[in-house]
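Trainee: Questions regarding the structure given below will be posed in turn.
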């Protein structure tokens, strides 16, 4: 691809993603990849690393080749899905397949009957396809190790080592990380890599200035009542509540639901479909609150989070930083609250904190205006966003403002709709067809 073709791809990507121009980090990464064979990109979560490496990737490969040309390895399923979405948005004509645990293995195997141009996914699932002979990586030209520090943290050393060793024709490696990497394992084979460093103190200072931090004292070791009191005194902006264990996430969510607070949950012990549903409800504002482990602290596309609540104190400074990084992003302000029990002390790395007294007039946390509906059909059944929107606006007579985010998965879809119209929509779905078929529609809790 020529330089003019590259500029055309950049212009196309910006237009399709709705951004005015690439940021400095993205421009520097693209320019560096024109000459460097191996690049290490160190930049914070939410800074746009995905687009920074996808432009060079699509600059290097040819559409509809007979073999897989590029591999993107991500630590989590959700990040793999997000990268796939961006890749499909900015490009056309390439065969892209996304593989991850919890996804239909049969569907993935069927997609791999013709080798994709780009394959992306989690280490374990990619290796499974390689070992079963469904995927050949011996002619791969470009390898992306996205959020590599998180992959190491999750213990994917052996899987990544085996995958990389199967790529004998590599010409370019791009490694991204949200934290500074002092040592990179030998199996990555990047001793002469060019480093691009965008984790700087000025950005940390800027984030710190945008973030307001509060200490909330809990009179008891059990913090549930204090959490509810806090939620009753802050506004209804999207709120992430962080716990240190999966069991605690479920316990906190059960307590809030008993208090009639609508909330979603997110942790590694949930089935993939349940995790997707929770993220969808939080993104589309049919659940203003999400209770999660640190799995939600990075690598997820969650915009406009107004509040972060540390129900449990973070285990280390990195967890603290990534949790807080969910809010006060993109020049917006945000707040973080640490609920502290009598037996707890704040870690030394936490400073510049205000003490918040819960003595203002409380209010009942608001029920979201939107609710999420589940449609029992998706991409594989040829259902599109337009089909769902048409059903909701024409047959159910909703206004455009009464329909929110629509997400179409492989075999099911989600749509946010005005809560007061849900009963009518469910009744209509029992008698009306969508794209010529009767599709089951239900509430997505």
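Trainee: Please determine whether any residue of segment 253-265 is farther than 20 Å from residue 315 by Cβ, buried (at least 20 other Cβ atoms within 10 Å of the Cβ), modelled with pLDDT of 95 or more and within 16 Å of the chain's Cα centre (by Cα).
Mentor: yes
Trainee: Could you tell me whether segment 344-356 includes any residue that is in a loop (DSSP other than H, G, I, E, B), in the same structural domain as residue 320 (by TED's automatic domain parsing) and either within 22 Å of the chain's Cα centre (by Cα) or over 18 Å from residue 312 (Cβ atoms) (or both)?
Mentor: For segment 344-356, residues in a loop (DSSP other than H, G, I, E, B), in the same structural domain as residue 320 (by TED's automatic domain parsing) and either within 22 Å of the chain's Cα centre (by Cα) or over 18 Å from residue 312 (Cβ atoms) (or both): present.
Trainee: Taking segment 153-162, which residues are in contact (Cβ under 8 Å) with a residue 12 or more places away in the chain and either within 22 Å of residue 65 (Cβ to Cβ) or more than 18 Å from the chain's Cα centre (by Cα) (or both)?
Mentor: Of everything in segment 153-162, those that are in contact (Cβ under 8 Å) with a residue 12 or more places away in the chain and either within 22 Å of residue 65 (Cβ to Cβ) or more than 18 Å from the chain's Cα centre (by Cα) (or both) turn out to be 156, 157, 159, 160, 161, 162.
Trainee: For the condition touching a residue at least 12 places away in the same chain (Cβ under 8 Å), farther than 24 Å from residue 290 by Cβ and part of a helix (DSSP H, G or I), what is the one hit in 377, 429?
Mentor: It is 429.
Trainee: Being farther than 17 Å from residue 138 by Cα, in contact (Cβ under 8 Å) with a residue 60 or more places away in the chain and either outside any loop (DSSP other than H, G, I, E, B) or in contact with a strand residue (DSSP E or B) (Cβ under 9 Å, 6 or more places away or on another chain) (or both) is the filter here, so list the residues in segment 61-80 that pass it.
Mentor: Selection gives 74, 77, 78, 79.
Trainee: Go through the residues of segment 177-188 one by one and say whether even a single one is free of Cβ contacts under 8 Å to residues at least 12 places away in the same chain, over 22 Å from the mean Cα position of the chain (by Cα) and within 17 Å of residue 42 (Cα to Cα).
Mentor: The answer is yes; a qualifying residue exists.
Trainee: Of the residues that sit in segment 25-51 and are without any contact (Cβ under 8 Å) to a residue 40 or more places away in the chain and in a helix (DSSP H, G or I), which one is farthest from the chain's Cα centre (by Cα)?
Mentor: 31
One line per residue, one yes/no per condition, for (1) assigned to a helix (DSSP H, G or I); (2) surrounded by fewer than 20 Cβ atoms within 10 Å (Cβ to Cβ):
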{"position": "86", "(1), (2)": "yes, yes"}
{"position": "101", "(1), (2)": "no, yes"}
{"position": "116", "(1), (2)": "no, no"}
{"position": "120", "(1), (2)": "no, no"}
{"position": "139", "(1), (2)": "no, yes"}
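Trainee: Next up: Against the definition (within 16 Å of the chain's Cα centre (by Cα), touching a residue at least 12 places away in the same chain (Cβ under 8 Å) and closer than 28 Å to residue 362 by Cα), how does residue 278 come out, yes or no?
Mentor: The answer is yes for residue 278.
Trainee: Another one. Report yes if some residue within segment 290-311 is surrounded by fewer than 19 Cβ atoms within 10 Å (Cβ to Cβ), in contact with a strand residue (DSSP E or B) (Cβ under 7 Å, 6 or more places away or on another chain) and at pLDDT 95 or above; otherwise report no.
Mentor: Within segment 290-311 (the criterion being surrounded by fewer than 19 Cβ atoms within 10 Å (Cβ to Cβ), in contact with a strand residue (DSSP E or B) (Cβ under 7 Å, 6 or more places away or on another chain) and at pLDDT 95 or above), the answer is no, since none of the residues qualifies.
Trainee: Can you name the residue in segment 190-220 that is under 23 Å from residue 175 (Cα atoms) and more than 28 Å from the chain's Cα centre (by Cα) and is also modelled with the lowest pLDDT among such residues?
Mentor: Across segment 190-220, the extreme among qualifying residues is 191.
Trainee: With the structure loaded, tell me whether residue 54 is part of a helix (DSSP H, G or I), more than 21 Å from residue 180 (Cα to Cα), touching a strand residue (DSSP E or B) at 6+ places or on another chain (Cβ under 9 Å) and in contact (Cβ under 8 Å) with a residue 12 or more places away in the chain or whether it fails that test.
Mentor: Criteria met by residue 54.
Trainee: Right, here's the next one. Do you know which residues across segment 149-162 are at pLDDT 95 or above and touching a strand residue (DSSP E or B) at 6+ places or on another chain (Cβ under 7 Å)?
Mentor: 160
Trainee: Sticking with this structure for a sec: Considering only segment 123-138, I want to know if a residue exists there that is within 30 Å of residue 304 (Cβ to Cβ), touching a residue at least 24 places away in the same chain (Cβ under 8 Å) and not assigned by TED's automatic domain parsing to the domain that holds residue 326.
Mentor: no
The values are calculated or read from the model by the stated rules, or taken from the named source; none is laboratory data. Predicted, not measured: the structure shown is a model, and the values here were computed from it. Here Cβ is always computed from backbone atoms with ideal geometry, including for glycine, and neighbour counts include all displayed protein chains.
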